[in-house]
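The values are calculated or read from the model by the stated rules, or taken from the named source; none is laboratory data. Predicted, not measured: the structure shown is a model, and the values here were computed from it. Here the Cβ is made from the backbone with ideal geometry for all residues, glycine too, and neighbour counts use every protein chain on show.
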Amino acid sequence: MKSQNVKTNPQNTPSIIFRPDVPEEQVQNGPTLAEIRQRAFEIHTERGGIHGCDLDDWRQAERELREKYNKMNDGRQKKK
């Protein structure tokens, strides 16, 4: 996983800064941070772009994507 530092942006909310010099591990059994970030943004916009629910959006995105990956992995295990 890439090394990360937490900094605050102008709105004083934390943002994670990834260091490109540290290689990111490939996650085979679950969603990547990029996938979670994208889905969380989709949830945010589906909700009308109301601010203040970013943690809830992130957790919902993680939950949805983990369920998706679990279903995919279950299907793969049954075929073996």
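Restricting the first member to region 45-73 and to residues that are closer than 19 Å to Leu33 by Cβ, and the second to residues that are of a type in the set (Gly, Ala, Ser), the beta-carbon pairs closer than 8 Å and six or more apart or on different chains are Asp54/Ala40; Asp57/Ala40; Trp58/Ala40; Gln60/Ala40; Ala61/Ala40; Leu65/Gly30; Arg66/Gly30; Tyr69/Gly30.
Scanning region 28-39 for residues that are surrounded by 13 or more Cβ atoms within 10 Å (Cβ to Cβ) and either modelled with pLDDT of 90 or more or in a helix (DSSP H, G or I) (or both) turns up Pro31, Thr32, Leu33, Glu35, Ile36, Arg37, Gln38, Arg39. Is it fair to say Glu25 is surrounded by fewer than 13 Cβ atoms within 10 Å (Cβ to Cβ) and at pLDDT 95 or above? For Glu25, the condition - surrounded by fewer than 13 Cβ atoms within 10 Å (Cβ to Cβ) and at pLDDT 95 or above - is not met. Residues in region 40-74 that are loosely packed, with under 13 Cβ neighbours inside 10 Å and within 15 Å of Gly30 (Cβ to Cβ): Arg63, Glu67, Asn70, Lys71, Met72, Asp74.
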